[in-house]
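Values in this text are rule-based calculations from the coordinates and carry no lab data. As the structure is a computational prediction, the values presented were derived from the model and not from experiment. Backbone-built Cβ (ideal geometry, glycine too); neighbour counts: all protein chains shown.
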Amino acid sequence: MLRSVLAVLGGMVAAGVAMMGLEWVGREILPPPPGMDLGDPVAMASLTQDLPLEMLLTLLFAWALATLIGALAACFIAGEHPLVNSILIGLIVSAVTAVNLARFPHPGWFSISAYVLIACSALLAGRISSAR
């Protein structure tokens with residue numbers, strides 16, 4: 001039990017680090033408008049409404065890949081019950097995503113796609129881990 005709890009915590013750390021890194025790479029490839037303060041919630045809210053498709057797709061990719069990485073890490077650390085651990089990571093990432101989407105409104109298609117990709121990434125990690 002303790003190992004599973006630590007596995008989920010480790011998976012969340014891995015997902016968080018991956019998400020920050022992938023989002024940073026995305027901002028380097030497709031930078032925000034000049035003078036944009038990414039620490040200002042009001043500016044961020046207005047920016048997310050008008051993001052170009054390429055930036056939204058990059059963000060979706062980052063969230064899905066970070067979920068996959070975090071779920072794989074949790075499965076590796078736990079060593080057993082991979083599907084349970086990967087689903088827990090998917091649920092936690094979905095909860096964090098819900099907070100993000102509530103703070104910074106995105107297009108409707110983006111929100112639906114985010115949840116679908118997060119779920120698919122978590123399930124894929126569980127399947128990959130079950131096969132080993």
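What the table shows:
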| read-out | value |
| --- | --- |
| The range 50-81, subset aliphatic (A, V, I, L, M) and over 20 Å from S129 (Cβ atoms), residue nearest to the chain's Cα centre (by Cα) | A62 |
| Residue count, the range 92-106 (criterion: part of a helix (DSSP H, G or I), surrounded by 14 or more Cβ atoms within 10 Å (Cβ to Cβ) and in contact (Cβ under 8 Å) with a residue 24 or more places away in the chain) | 4 |
| Residue count, the range 37-80 (criterion: in a loop (DSSP other than H, G, I, E, B) and surrounded by fewer than 17 Cβ atoms within 10 Å (Cβ to Cβ)) | 8 |
| Subset of the range 1-32 that is free of Cβ contacts under 8 Å to residues at least 24 places away in the same chain and not in a helix (DSSP H, G or I) - its residue that is farthest from the chain's Cα centre (by Cα) | M1 |
| Only listed residue being of a type in the set (G, A, S) and touching a residue at least 60 places away in the same chain (Cβ under 8 Å), chosen from G79, G70, G126 | G79 |
| Subset of the range 14-35 that is surrounded by fewer than 13 Cβ atoms within 10 Å (Cβ to Cβ) and among the hydrophobic types (A, V, I, L, M, F, W, C) - its residue that is farthest from V96 (Cα to Cα) | I29 |
